[in-house]
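Only the coordinates and a few stated rules stand behind these numbers; no lab work does. For clarity, every value in this text was computed on a predicted model and none was experimentally measured. Using ideal geometry, Cβ is built from the backbone for each residue, glycine included, and neighbour counts are taken over all protein chains shown.
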Amino acid sequence: MKLQVLNPPQTINKVALVCIAHADDLLLFIGGSVAALVKAGWQVAVVRATDDRWDSYLLSQEQTILNNKNEFELAMGEIGVSKIFELELPTDLLGDYSEVELRSSFIRIIREFKPYLTITFDPDSYPYEDNQDHKKVAIAMAEANWAAGFDKHPNSGSDQLPPYIPVANWYFGREVAAPTHYFDVSKFFDKATSAAALHKTMLVNMARQLEIKAESSNKKLSITKDVEKLPKKFVSEIMSKNRLNQIKSVKYAEIFRVIDSSKDIDKLIKLRRK
């Protein structure tokens, strides 16, 4: 199936909500698309489900939480995200957390923020995903996208907010199972990598994982100190590799499975006018 070009939706309600598991997910997966939305005048908020308490190397858990929170806020400010919702759940443990409770939290945020567009992990791309946090966020948020419109579905607070349903949903992943669109992010790649480089604590931990893999194969790799000094070089290599794809006419692209109800709504409105 040929992928269609994806652009910011044409709407007056330029409000988007990105839902991620970890602080670096937004920029590593879809930083270019978010930068493009901001450039087009969109207000973008992000929900971070976990506290990333284990994403560091040679730091205490408390310091790790603090570092990643501070770096997350800096990175989101750099890319242009205007609001952050923190759920502060323990990282790498969402597999044991209630999907219903997580969905209720997402429903509340959707009803409060009222996004036209939501962006999150693809719930149908689980064969290519080994991170349980990503899977749980994907499933809970995909359900919240429609369940937020049911007046019987509660949100997570004591006060019940009115039903609300986003019009469009963009789903991303390590490898999207049934992609429909690509977003040309060539002009926004440098912006996204500069912001991603601010996740220094998480990048150093990522580099350490590569060193451990090398050790497992009886090889020597020393890159953590280099990443501490030049995080942008490291993250640029990762992000450029993730964004190279089969679309020959585009240097860097981000891939999505898109569900957009705007045309169906327009058709119904026209039918009612006849």
key: Hits in the range 137-179 (condition: β-branched (Val, Ile, Thr) and farther than 22 Å from residue 14 by Cβ)   = 137, 139, 176
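For the range 48-56, state whether one or more residues are within 21 Å of residue 173 (Cα to Cα), surrounded by 24 or more Cβ atoms within 10 Å (Cβ to Cβ) and of a type in the set (Ser, Thr, Tyr).
The first filter runs over the range 48-56 and keeps only residues within 21 Å of residue 173 (Cα to Cα), leaving 48-52, 55.
Applying the additional criterion that residues be surrounded by 24 or more Cβ atoms within 10 Å (Cβ to Cβ) yields 48-50, 52, 55.
Imposing the further condition that a residue be of a type in the set (Ser, Thr, Tyr) reduces the set to 50.
So far as the range 48-56 goes, yes, one or more of its residues are within 21 Å of residue 173 (Cα to Cα), surrounded by 24 or more Cβ atoms within 10 Å (Cβ to Cβ) and of a type in the set (Ser, Thr, Tyr).
Select, from 72, 85, 106, the only residue that is of a type in the set (Phe, Trp, Tyr), touching a residue at least 24 places away in the same chain (Cβ under 8 Å) and closer than 17 Å to residue 198 by Cβ.
Values: 85 fails: closer than 17 Å to residue 198 by Cβ; 106 fails: closer than 17 Å to residue 198 by Cβ.
Of 72, 85, 106, the one residue that is of a type in the set (Phe, Trp, Tyr), touching a residue at least 24 places away in the same chain (Cβ under 8 Å) and closer than 17 Å to residue 198 by Cβ is 72.
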key: Matching option when the condition is under 30 Å from residue 248 (Cα atoms) and in contact (Cβ under 8 Å) with a residue 60 or more places away in the chain, among 224, 201, 180   = 180
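In this structure, does residue 249 turn out to be touching a residue at least 24 places away in the same chain (Cβ under 8 Å), surrounded by fewer than 15 Cβ atoms within 10 Å (Cβ to Cβ) and more than 29 Å from residue 167 (Cα to Cα)? Spell out the reasoning first.
Values: touching a residue at least 24 places away in the same chain (Cβ under 8 Å): no; surrounded by fewer than 15 Cβ atoms within 10 Å (Cβ to Cβ): yes; more than 29 Å from residue 167 (Cα to Cα): yes.
Criteria not met by residue 249.
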query = Can you tell me how many residues in the range 110-148 are assigned to a helix (DSSP H, G or I) and among the acidic types (Asp, Glu)?
reply = 3
request  = Only residues that are assigned to a loop (DSSP other than H, G, I, E, B), of a type in the set (A, V, I, L, M) and within 15 Å of the chain's Cα centre (by Cα): list them for the range 1-58, please.
outcome  = 21, 23
Selection status of residue 91, more than 14 Å from residue 21 (Cβ to Cβ), buried (at least 18 other Cβ atoms within 10 Å of the Cβ), in contact with a strand residue (DSSP E or B) (Cβ under 8 Å, 6 or more places away or on another chain) and of a type outside the set (Lys, Arg) = no
